[in-house]
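Worksheet for the structure shown next.
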Amino acid sequence: PHDSKAEAAGRTSAMEGITHVRAGSLRFPRGQGKLFLTAPVEITQGERTLQAGDSEIVLDQQQRAQRASLGGGVHGIDRNPLSPSELRANRGDIDFTEQGKVAKILLDGGASWATASAQSRKEGQSQRAELFFEEPDGLLTRVHAEGQVRVDLSPAQASPNFPLLQQRPAGYTPMDGSRILLAKQADMILAPDGETLREVRPQSSS
């Protein structure tokens, strides 16, 4: 018998909630509660993908992923067709919920990120950044950045394509209509859709 559309949609939704991990090799020493992964490491959940070098995953008593420590350079992509985004950092940590969804991402050692939509483009840089996600949908709600924070808000330039993060030439001039924030620390609050930047709160002179 053919599946109904409701059953097919439910199965697709369930698959999107599953976190897939791939690595060059895996070690699981008895009694340590950790998975040791060698490069290349790839963690995928729905349209989101994180790539890294040698990493480890800490498990809870039920053998569920509790935390992942990513090394060797972190590169993340969200292929949401309405608002694609990209991030990079030297290293990172991911905290998972009991259901296996991402609760928080910490980017350290120089972080940069960019997101684009039909209306605007947002870019940011900092020494360290924390991204907070909200249950049950796993939408991004807040970004806390510190250390040489720079946030660029500009009009949409063209149809967004990867890579969104690009090296700017020396003497680069922002396009007309751009707004740039420089601060030591800042919180970026997102709207309930998890995509629209609603508010930027500098926590120091800016």
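Taking amide H as placed 1.01 Å from N in the peptide plane, the amide H of A103 sits under 5 Å from that of D95, F96, T97, each at least 5 places away or on another chain.
Counting only protein heavy atoms and using a 1.4 Å probe, the accessible area of K34 comes to about 70 Å². Quick one: net charge around L181, please, counting Lys, Arg +1 and Asp, Glu -1 for every other residue with C-beta under 13 Å from its C-beta. So the surrounding residues net to +1.
In the context of the full set of protein chains, residues of the stretch 48-164 present 48 Å² of accessible surface per residue (probe radius 1.4 Å, heavy atoms only). Taking Q51, Q62, Q99 in turn, the Gaussian network model of the chain (Cα-Cα springs below 10 Å) assigns the largest fluctuation to Q62.
Between R201 and E135, residue separation times 0.36 nm minus the direct Cα-Cα distance comes to 21.4 nm. Split the accessible area of the chain by element, probe 1.4 Å, and carbon with sulfur accounts for 50%.
Just to confirm a number: summing +1 for Lys and Arg and -1 for Asp and Glu over residues other than F28 whose beta-carbon lies under 11 angstrom from that of F28, what do you get? Overall, the nearby charge balance is +2. Once the Cα atoms of helix 5-16 and of the chain are each reduced to a long axis, what angle between those two axes, in degrees from 0 to 90 to the nearest 10, is obtained? On a 0 to 90 degree scale, this one is about 80.
Convex hull over the alpha-carbon atoms of the stretch 4-154: what's its volume per residue in Å³?
Cα-based convex hull of the stretch 4-154, divided per residue, equals 124 Å³.
The GNM of the chain, with springs linking C-alpha atoms under 10 angstrom apart, assigns the highest mean-square fluctuation among L70, L181, L37 to L181. What residue among T141, T173, T115 shows peak mean-square fluctuation when the chain is described by a Gaussian network model with Cα springs under 10 Å? Per the Cα network of the chain with a 10 Å cutoff, T173 tops the list.
Gain on full extension, evaluated as 0.36 nm per residue between Q185 and T38 minus their Cα-Cα distance, stands at 49.6 nm.
First measure r as the distance between the Cβ atoms of F28 and D193, then evaluate 1/(1 + (r/R0)^6) with R0 = 41 Å and state the FRET efficiency to the nearest 0.05.
In this case the efficiency is close to 0.60.
The charge dipole of the chain, taken about its Cα centre with unit charges on the Cβ atoms of Lys, Arg (+1), Asp and Glu (-1) only, comes to about 460 debye.
The values are calculated or read from the model by the stated rules, or taken from the named source; none is laboratory data. The shown structure was predicted, so the numbers you read here are calculated from the model rather than taken from an experiment. A quick note on method: Cβ atoms are made from the backbone with ideal geometry, for glycine too, and the neighbour counts reach across all protein chains shown. These accessible areas exclude ligands, DNA and RNA; they are computed on the full protein's heavy atoms, side chains included. Shrake-Rupley method; radii C 1.70, N 1.55, O 1.52, S 1.80 Å.
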